Amino acid sequence: MDWEAGVLADQDLAPTWHLEFQRALEPDEQDEALGMDSYCVTPPSGACAYACLASVLVENGNLHLVFHEDPAQELGLDSAELNFPLGLDADQLDELISGLQSVLGGARNPLTLKGVLRP
């Protein structure tokens with residue numbers, strides 16, 4: 001497959017809520033022309049927004065996402081800010097951070113989000 005993704009879910013089996021981050025590994029000219037050559041975020045509604053995050057922070061076992069206002073509305077989110085208590089050990093947190101850095105940044109789309117994934 002020509003893409004990578006990371007998914008946050010509220011539980012391992014039969015999640016009732018999830019948030020998916022994905023990006024094409026090799027965007028083509030059409031992707032670039034349509035503004036789809038960056039990461040996208042998809043909530044359970046199936047809506048999708050590209051390059052929609054203003055900041056991402058993993059701190060004190062929580063993931064804090066701040067969306068740009070217009071994409072937050074397009075995604076049907078009640079707020080432009082989402083906080084997730086992660087309940088992960090240190091190795092799992094490192095794996096999550098590494099995965100998010102890869103999907104949200106990637107070689108062709110250097111991470112331009114305000115902040116870094118760790119304070």
Could we say that VAL58 is more than 11 Å from the chain's Cα centre (by Cα), of a type in the set (A, V, I, L, M, F, W, C) and part of a strand (DSSP E or B) here?
yes
Members of the stretch 1-50 found to be in contact (Cβ under 8 Å) with a residue 24 or more places away in the chain, loosely packed, with under 14 Cβ neighbours inside 10 Å and assigned to a strand (DSSP E or B), listed by number:
HIS18
Looking for whichever is out of contact with any Cys (no Cβ under 9 Å at 6 or more places or on another chain), under 24 Å from TRP3 (Cβ atoms) and modelled with pLDDT of 90 or more here; the options are PRO71, PRO43, PRO27, PRO15. Which one fits?
PRO43
Can you tell me which condition PHE21 does not meet? The list is (1) touching a Ser or Thr at 6+ places or on another chain (Cβ under 9 Å); (2) more than 15 Å from SER102 (Cα to Cα); (3) not charged (D, E, K, R), and all the others hold.
(2)
Restricting attention to the stretch 50-65, the residues that are farther than 25 Å from PRO27 by Cα and aliphatic (A, V, I, L, M) number exactly 3
Among the listed residues VAL56, VAL116, identify the single one that is surrounded by 13 or more Cβ atoms within 10 Å (Cβ to Cβ) and at pLDDT 85 or above.
VAL56
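The values are calculated or read from the model by the stated rules, or taken from the named source; none is laboratory data. Fair warning: this is a prediction, and the values are worked out from it, not measured in the lab. Here Cβ is always computed from backbone atoms with ideal geometry, including for glycine, and neighbour counts include all displayed protein chains.
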